[in-house]
Each structure stands twice: as C-alpha cells, then as structure tokens.
Amino acid sequence: MRNVLYALEAYQESSKDPVEKKKETITESAGRQQKKKIERQEEKLKNNNRDLSMVRMKSMFAIGFCFTALMGMFNSIFDGRVVAKLPFVPLSYIQGLSHRNLLGEDYTDCSFIFLYILCTMSIRQIREDQECSA
C-alpha cells in the first residue's frame, strides 16, 4: 500500500522540498538577488535539519536510558512472578525468555521481561508509523 501511495504523482508533488519548488520556478534569466535568496534558504534548511537531527538524537538517548532504567527497576520488582498468561505456548527458542526465572513447567506463564519486550516493540512500531504518516 505504501509503495502505491509514494508512487502517486500527487504525493510526489506534495512532498517536494519548498526550496526545490522555488528553484523550478526561477528561470535562467533570474537575477542574482533571487539566486542569493535561494542559497540563503538552502543554508537555513541545512541548519534546521542539523538542529532537528541533534534533537532527535538527544531524545533517542533519553528514551533509551529511561527504558533501560525502567526495565531494571521492574525486573527486580517482578522477578519470579507470573505477570501474564499467554494464550499460546511460545516457540521453544523463545520459551527461555518468556518463562525466565519462573518456577514450574507451564510455558503459558509469562515473565515480566518477555511482556516488557513485547510492549516496547509495539510502542516503537506505533511511534514509527505515526512519524511516517506525519
């Protein structure tokens, strides 16, 4: 579905950079002032993109630190406790993670770490989908 959307001409036109649109409108006979104005806008755009990437990087480090700290705290709280009951028996290579530090042989019991990993993966996917649609 995404490939179809991105291939549409209307999407490609709407996703063009404003600087690129202005470049297309200016002809070869345009004055120096117009060209300088475009160069200034390109420089502003580069600076804004650099600043935005720095903010994103800082927020990703902060989120990673918070998730790691929360995982450590909750892991110590819920160590050895069943936090969920799975409606299926996990695959054999996942059972070590889903049944980690739990007593008994009921592999439908779910440990905290497995539930935490599932939740963070789904949150990350939802966030990426929202960023792509914005």
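The values are calculated or read from the model by the stated rules, or taken from the named source; none is laboratory data. The structure displayed is predicted, hence computed values, not measured ones. Cβ atoms come from the backbone with ideal geometry, glycine included; neighbour counts cover every protein chain shown.
A few points about this structure:
- For segment 75-112, the set of residues classified as surrounded by 15 or more Cβ atoms within 10 Å (Cβ to Cβ), modelled with pLDDT of 90 or more and outside any loop (DSSP other than H, G, I, E, B) consists of S98, D109, C110, F112, listed by residue number.
- Checklist (1) exposed (fewer than 11 other Cβ atoms within 10 Å of the Cβ); (2) not in a helix (DSSP H, G or I) applied to A62, failing item: (2)
Let's see how each residue does on (1) modelled with pLDDT under 85; (2) in the same structural domain as C119 (by TED's automatic domain parsing); (3) small (G, A, S):
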| residue | (1), (2), (3) |
| --- | --- |
| E9 | yes, no, no |
| S29 | yes, no, yes |
| V55 | no, no, no |
| S59 | no, no, yes |
